[in-house]
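The values are calculated or read from the model by the stated rules, or taken from the named source; none is laboratory data. Keep in mind it's a predicted model, so treat the numbers as computed, not measured. Every residue, glycine as well, gets a Cβ built from its backbone with ideal geometry; the counts of neighbours run over all protein chains shown.
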Amino acid sequence: MNKAITDGLILMPPAFENGLDVWSSEDGTPGSATYDGAANATLIVADQDFGTCLELIKTDSQQRLRHMGETPLLPGCYLRVTARIKAVSGNLPAVQIAAWAGGAGSAHVTGLVEVGPTTALTAYGDVVEVSAIIGAGNRGGVDMVWGTTPIYAHIGLDLTGANGGVVRIDDLIVEDVTSVYHRQLMDWVDVRDYGAVGDGITDDRVAFEAADAAAGGREVLVPAGTYLLGDHMTFEAPVRFEGTVSMAADKRLALTKNFDLPTYAEAFGDELEGFKRAVAVMFNFSDHDSLDMKGRRIDVDGPIDMQGAVANKTTFSQRRVIRNGQFNAVASTNWDPAIVTSAGTYSTGNPMQLTNVTDVANIEIGSLVQGLGVGREVYVRAKNVGAGTVTLSQPLFDAVGTQTYTFTRFRYLLDFAGFASLSRFVLADVELNCDGEASGVMLPDDGLIFQMRDCFVTKPRDRGVTSAGLGCQGLLIDRCQFISNEQSLRSQDRTTIALNVNANDTKLRDNRVVRFAHFAVMAGTGHLITSNHWFQGDDETDGIRQPGLVLTRTNVKTTITANYVDNSFIEWSNEHDDEPEHNNELSFGGLTVTGNVFTANDVAAWFRWFVIKPVGAGHYIQGLNISGNTFKSLNGSIDRIDHVDTTYATLDWTRARNITVQGNAFNGVTQTISNPVSLKFDINSAQTVWNCSFDGYLPFDGRLRNVTALVAEDPITDGGGTNVYHMPYVRTETGAAQNEAQVNWPVAVRGSVLLTGRVDNPT
């Protein structure tokens, strides 16, 4: 680039032979003294080295020579001033290129270096060439770094040293040497050309803004150095960082044209810091709804406080996405859980709170609560140090009174707990490589539709995804892989949990979950659990298995469809109920389990795939559909697929309603079940009372509440073989286990009948 050519700028001062009235002996400004007619200045016409030149006698300690014309200065343009000089007689002086910096309104811009390097003349007649470069940027070889405030210069030279010497000076040359620093066809601008210093001390934000404004669609280059930005900075042009920026934590660097992790990592010299800075910008409406990590991995030695990264917001409800990258936990004590043991008092009058809690100050928000009568996955949602209270994510089912609780705060790679509410946040194509050091994601306290799709949660130390509040409302987990850190352990020894929810309307779809203690512990209702594969087996013969899916509410309004349930079972309890006994409320119901594949390997015969565990008396089933499933046990049979865990209470079968168990396939299962169930009974001797047992065939080994059909398959005859056409009546719930039907005839008869019975009541 040569501004004299491209922009027609006049850079060269006139030759001395054109007159000395434009050459000042002072600073070159209008009105200053000139060498025209001066006693110490003479034009020499035929010097053997220079031709026509200026002969000057040094009479001042600093003998100045300045062109009174205004040599223009432009950002991005670098000028080299060159003079050829020789000593003729007298004392030998020193020489240096010099200039006067002029700003707007012809004001002198002070505080700048206005001289170039000094060169001593050491012999008479030797031609010496001196030069200096003037420019805005602090570049190598620039002698006078002036920034962008000066807009012109009075260029020339100074003679220093002893007086009395005579020198001859050739015409001064001013050249545009910008090409030394820039490519001839550059597609970028350099922040240094607009005054950026890059010393980590000077505030370079104004220079950055000027470079961005001048880019005009070109890229802005931030060269090597550390550039302090004292306030928010937004780049409208694409930026390339060779150097780094330094900003206060509450200031934001918005890169609107290359908003991605690699650029922010280069800008701040660190991937983690770059990630945090990019997140802060994304939450502050920078024209981007997503941060592309571009496949980069961030090594993390402690939890990332996502709200802390944003800093200026605790609530947010606009869609935001982090995509396409990996977070990798590296070994550090920062991942150690915080564990506090404290006494507290629980009352069903305030079921979501513990009172009189000791050492509340040290209990962290988001801590897991453990103690007698505490259900699975109950967390600390809030605390009040002054009042000594802790707010719980779920009620406790059997903890009235005072006892000692353990509060454990796990450490998560991505911790959103600082957000009071966060809605429509998405993690897409992200791997959380916990590596046995960290847990995965802590959800915000409140919010709607947090989504993870196509993500990997690999080897979490304690938890994959945790909800300590209601930030799981409408949670979407799609096509994700959860890979346990406890795969080598026996099933019963595992403690890690892939995820939990407290709120409603979760969608778990197309996920694969490998060898956790539990896949999901789910409070709330309205869940859709579809096309997942979770497996929790081990290599132990007659092995114990843990529940894969745990439902903790009674009327769940949930479907479990087309899943592969492998070496685990579904457990349905009401452990998140402060008054677990049934009392004028909806009981176990609203659950559909259809089209799933259930399998097990090397399990004990007492293993079951579907378990109901009431933790209070009086409950019953009032809406359950288990249909179209395949149950298969390998390497040994199991007794049956269903069970009621009576550790705390049993079910009231007198109130059972709307139970459908049909169309299931049983392989390696000794006892099949169905509801309704049709059984054939052959009575070979004439009797007035036929006792027909449905033992084992009714779901959960419940009572035979109803017989809905009786069909004689052969003639009913008396003892002599004569056909009998009487109509019998049937009594249900007979026998010791109340699972028999008593068919009563007016006379003693024999024959075969098909009875259809139900474990539930008519609707």
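Could you please tell me which pairs satisfy a Cβ distance under 7 Å, a separation of 6+ or placement on different chains, a first residue in the stretch 635-661 that is farther than 19 Å from Phe607 by Cα and in contact (Cβ under 8 Å) with a residue 40 or more places away in the chain, and a second residue that is surrounded by fewer than 19 Cβ atoms within 10 Å (Cβ to Cβ) and of a type in the set (S, T, N, Q)?
If the second residue must be surrounded by fewer than 19 Cβ atoms within 10 Å (Cβ to Cβ) and of a type in the set (S, T, N, Q), the pairs left are Ala656/Asn761; Arg657/Asn761; Arg657/Thr763; Asn658/Thr763.
Just one of Pro715, Pro699, Pro746 is in contact with a His (Cβ under 6 Å, 6 or more places away or on another chain), touching a residue at least 24 places away in the same chain (Cβ under 8 Å) and not assigned by TED's automatic domain parsing to the domain that holds Ile612; which is it?
Pro746
For residues in the stretch 256-298 being charged (D, E, K, R) and at positive phi, which is nearest to the chain's Cα centre (by Cα)?
Lys294
Working only within the stretch 688-725, note down all residues that are more than 30 Å from Arg655 (Cβ to Cβ) and part of a strand (DSSP E or B).
Correct list: Thr688, Ala712, Thr717, Asn723.
Only residues that are β-branched (Val, Ile, Thr), part of a strand (DSSP E or B) and within 19 Å of Gln473 (Cβ to Cβ): list them for the stretch 551-574, please.
Within the stretch 551-574, Val556, Thr558, Thr559 meet the criteria.
Condition test on Gln738, is it part of a loop (DSSP other than H, G, I, E, B), surrounded by 13 or more Cβ atoms within 10 Å (Cβ to Cβ) and assigned by TED's automatic domain parsing to the domain that holds Pro699?
For Gln738, the condition - part of a loop (DSSP other than H, G, I, E, B), surrounded by 13 or more Cβ atoms within 10 Å (Cβ to Cβ) and assigned by TED's automatic domain parsing to the domain that holds Pro699 - is met.
Asp505 is checked against (1) at negative phi; (2) buried (at least 18 other Cβ atoms within 10 Å of the Cβ) and fails just one. What number does that condition carry?
Result: Asp505 fails condition (1) only.
For the stretch 620-639, does any single residue satisfy the condition of being of a type in the set (Phe, Trp, Tyr), in the same structural domain as Arg490 (by TED's automatic domain parsing), modelled with pLDDT of 95 or more and surrounded by fewer than 18 Cβ atoms within 10 Å (Cβ to Cβ)?
No, because not a single residue in the stretch 620-639 is of a type in the set (Phe, Trp, Tyr), in the same structural domain as Arg490 (by TED's automatic domain parsing), modelled with pLDDT of 95 or more and surrounded by fewer than 18 Cβ atoms within 10 Å (Cβ to Cβ).
If the requirement is being within 30 Å of Phe241 (Cα to Cα) and either out of contact with any Asp or Glu (no Cβ under 6 Å at 6 or more places or on another chain) or small (Gly, Ala, Ser) (or both), which of these qualifies: Val174, Val191, Val167?
Being within 30 Å of Phe241 (Cα to Cα) and either out of contact with any Asp or Glu (no Cβ under 6 Å at 6 or more places or on another chain) or small (Gly, Ala, Ser) (or both) holds for just one of Val174, Val191, Val167, which is Val191.
Taking Val747 and the conditions (1) part of a strand (DSSP E or B); (2) within 26 Å of Ile673 (Cα to Cα), which numbered condition does it fall short on, given that it satisfies the others?
So Val747 meets the others, but not (2).
Pick from Ala248, Ala254, Ala267, Ala278: which is touching a strand residue (DSSP E or B) at 6+ places or on another chain (Cβ under 8 Å), of a type in the set (A, V, I, L, M) and without any contact (Cβ under 8 Å) to a residue 24 or more places away in the chain?
Only one candidate passes the filter, namely Ala278.
Collect the residues in the stretch 610-660 that are in contact with a His (Cβ under 6 Å, 6 or more places away or on another chain) and on the phi > 0 side of the Ramachandran plot, keeping them in residue-number order.
Passing the criteria: only Gly618.
Given Leu551, Leu586, which one is buried (at least 18 other Cβ atoms within 10 Å of the Cβ) and within 26 Å of Ser393 (Cβ to Cβ)?
Leu551
Consider Val130 against the criteria (1) modelled with pLDDT of 95 or more; (2) assigned to a loop (DSSP other than H, G, I, E, B): it satisfies all of them except one. Which criterion is unmet?
Unmet for Val130, out of (1) modelled with pLDDT of 95 or more; (2) assigned to a loop (DSSP other than H, G, I, E, B): (2).
Among the residues that make up the stretch 548-557, is at least one of them farther than 18 Å from Leu470 by Cβ and more than 30 Å from the chain's Cα centre (by Cα)?
Looking through the stretch 548-557, at least one residue is farther than 18 Å from Leu470 by Cβ and more than 30 Å from the chain's Cα centre (by Cα).
Taking the stretch 714-735 only, how many residues are surrounded by 16 or more Cβ atoms within 10 Å (Cβ to Cβ) and within 26 Å of Leu698 (Cβ to Cβ)?
Number satisfying all stated conditions: 7.
Checking the condition closer than 27 Å to Thr554 by Cβ and either assigned by TED's automatic domain parsing to the domain that holds Thr717 or not aliphatic (A, V, I, L, M) (or both), which residue from Asn667, Asn684, Asn675 passes?
Matching residue, one of Asn667, Asn684, Asn675: Asn675.
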